Every structure is written in C-alpha cells, then in structure tokens.
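So the structure is just underneath, and the comments pick up after that.
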Amino acid sequence: MNRIAVDLHFLPTLEFFAAIAEAEEVLLFPKDFYPRQSYFNRTRIRLANKVETLSVPIQGRRPKLPIDQIKIDFTQNWQAVHLRGIQSGYGKAPFFEYYFPYFQDIYQEGAENLWEFNFKLLTICLKLLRWPARLAAFEGIEIPADVQNIRGQIVPSEPYSVRNYYHPVSYTQLFGLDFEPNLGILDLLFCAGPESDRILRDSIKKH
C-alpha cells in the first residue's frame, strides 16, 4: 500500500495534492505541534486584482500546542469574510455552483478546533476529486518504515520549486492573463471541475 504522512493544511495548495495524488492512505498527526507561519490555517485564492490569503483566526499564540487543541477564534466574523471572498473570486467560475455548497456547509457547521475544520475540508476535497485515498489520524510514536514522511516540508516560506512534488500545469483561471500556479485547491476545483484530477496528476513532478 502506498502511504504518505503529511501535515493537515487548511484547503491545501496544489503542491500538497500533487504530493499525495498516488497515495492510498494519508496519515495525519493530531498531536503534532502547531507551527507558526504555516499552511495549517491559511490558503490562497485569486481575486480580480490580486491573490488573497484567507486565514482562520485562532485563539492565543501559545507555543507547543498540538494541532487538535488549537481552538478557532469565533470573536471575529471570519467565516462571512471567507465566504464573501470565495464568492467574489469564483462566483462566475464554471463549477462554482456545483462545488461551493459543500464548502459553505462545512464553514457554517462551526467546528470548534482547527484540526476538525481542516479534516472535514480535506475529506470533501478528496471526495470532489474522486480520489479513494483513506485519511487516518496517527497518534503512534514511530512511523512505519514503508510510509513516505513529508511533514514539515510544504511550507509558505519556501517556493514550491525547491521541492520535488509539484510542476505547474496551467488551466483557465478567471482573472488576468498570467497563470498563477500553486493556489489553494478551491481555485482548481471551481475553474476546472472534473478535469482537476487529470491536472493534478499531470502536475506531479517527475524525479
């Protein structure tokens, strides 16, 4: 069985999906510490004039806290801000009306912690891609030797080009003449729909 260990990102980048595209089981780690400046609570979407980062606000900035204990800050109206931004950016995309309700429902469920929210979003992304990969929470000490471990590698502080997972394959985006690679998965799903699977598999970087 092809298994891979990854970080549970928020609406992950195309690089993330290219990295897990051939996995039959995806191992996730609820007891890993939450790192600052990561993709755990941020994703990127394309608006008319710019690329926008959507961030999920969290309670406090305490170090050394496991990801499944990170509480979402609901004192801010971030859900409405996110949903408005997504609608503004992709309301006219070919597959928006088909896919948006799935994400809207998860936003409106109001998951209390970041782990639960991200897990539900990743689950629906895999469903829409029609990928059969199984998600499994791993709380053991030693990762089995047959598991490819890429935790801590896909980070916003370095360009995707320095890693061996993703090679951009262009598709029709809504705004601008220049293709913007490696946005969050929403951009691809809303713009390419059922073609997203093929595009991601073509995006796997050949070693």
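The values are calculated or read from the model by the stated rules, or taken from the named source; none is laboratory data. Since this is a predicted model, take the numbers as computed values, not measurements. Note that each Cβ is placed from the backbone with ideal geometry, even for glycine, and that neighbours are counted across all protein chains shown.
Gly60 is checked against (1) surrounded by fewer than 20 Cβ atoms within 10 Å (Cβ to Cβ); (2) at positive phi; (3) modelled with pLDDT of 95 or more and fails just one. What number does that condition carry?
Among (1) surrounded by fewer than 20 Cβ atoms within 10 Å (Cβ to Cβ); (2) at positive phi; (3) modelled with pLDDT of 95 or more, the lone unmet condition for Gly60 is (3).
Could you list all residues from the stretch 115-141 that are under 13 Å from His9 (Cα atoms) and modelled with pLDDT under 95?
Matches in the stretch 115-141: none.
Go through the stretch 1-31 residue by residue and tally those that are of a type in the set (S, T, N, Q) and crowded, with 17+ Cβ neighbours inside 10 Å.
Residues meeting the conditions: 1.
Within the stretch 38-51, which residues are surrounded by fewer than 16 Cβ atoms within 10 Å (Cβ to Cβ) and touching a strand residue (DSSP E or B) at 6+ places or on another chain (Cβ under 9 Å)?
Listed by number, the list holds a single entry, Val51.
Of all residues in the stretch 66-86, which are of a type in the set (S, T, N, Q) and modelled with pLDDT under 95?
Gln69, Thr75, Gln76, Asn77
Restricting the first residue to the stretch 84-111 and requiring it to be part of a loop (DSSP other than H, G, I, E, B), which pairs with a second residue that is surrounded by fewer than 17 Cβ atoms within 10 Å (Cβ to Cβ) and among the aliphatic types (A, V, I, L, M) meet a Cβ separation below 8 Å and a spacing of at least six or different chains?
none
Between residues in the stretch 27-48 that are assigned to a strand (DSSP E or B) and residues that are of a type in the set (D, E, K, R) and surrounded by fewer than 21 Cβ atoms within 10 Å (Cβ to Cβ), which pairs lie under 8 Å by C-beta distance while being six or more apart or on different chains?
Listed by first residue and then by second, the contacts come to Leu27/Arg3; Phe33/Lys64; Arg44/Glu52; Ile45/Glu52; Arg46/Glu52; Arg46/Glu180.
Give the number of residues within the stretch 72-87 that are more than 15 Å from Leu189 (Cβ to Cβ) and either exposed (fewer than 13 other Cβ atoms within 10 Å of the Cβ) or of a type in the set (Val, Ile, Thr) (or both).
So the answer is 9.
Within the set of pairs 6+ apart or on separate chains, which have a first residue in the stretch 69-82 that is farther than 9 Å from Gln59 by Cβ, a second that is part of a loop (DSSP other than H, G, I, E, B) and aliphatic (A, V, I, L, M), and C-beta atoms under 7 Å apart?
Taking only residues 6 or more apart or on different chains, the pairs are Trp78/Val56.
Condition (residue is over 18 Å from Thr53 (Cβ atoms), assigned to a helix (DSSP H, G or I) and of a type in the set (Gly, Ala, Ser)) applied to the stretch 138-154: is it met by at least one residue?
No: zero hits.
Among the candidates Gln104, Gln173, Gln79, Gln153, single out the residue that is more than 17 Å from the chain's Cα centre (by Cα) and polar (S, T, N, Q).
Gln173
For the list (1) touching a helix residue (DSSP H, G or I) at 6+ places or on another chain (Cβ under 6 Å); (2) surrounded by fewer than 17 Cβ atoms within 10 Å (Cβ to Cβ); (3) of a type outside the set (A, V, I, L, M, F, W, C), I need the number of the one condition that Tyr34 fails.
The single condition Tyr34 does not satisfy is (2).
Somewhere in the stretch 27-38, is a residue within 16 Å of the chain's Cα centre (by Cα) and of a type in the set (Asp, Glu)?
No, there is no match, as no residue in the stretch 27-38 is within 16 Å of the chain's Cα centre (by Cα) and of a type in the set (Asp, Glu).
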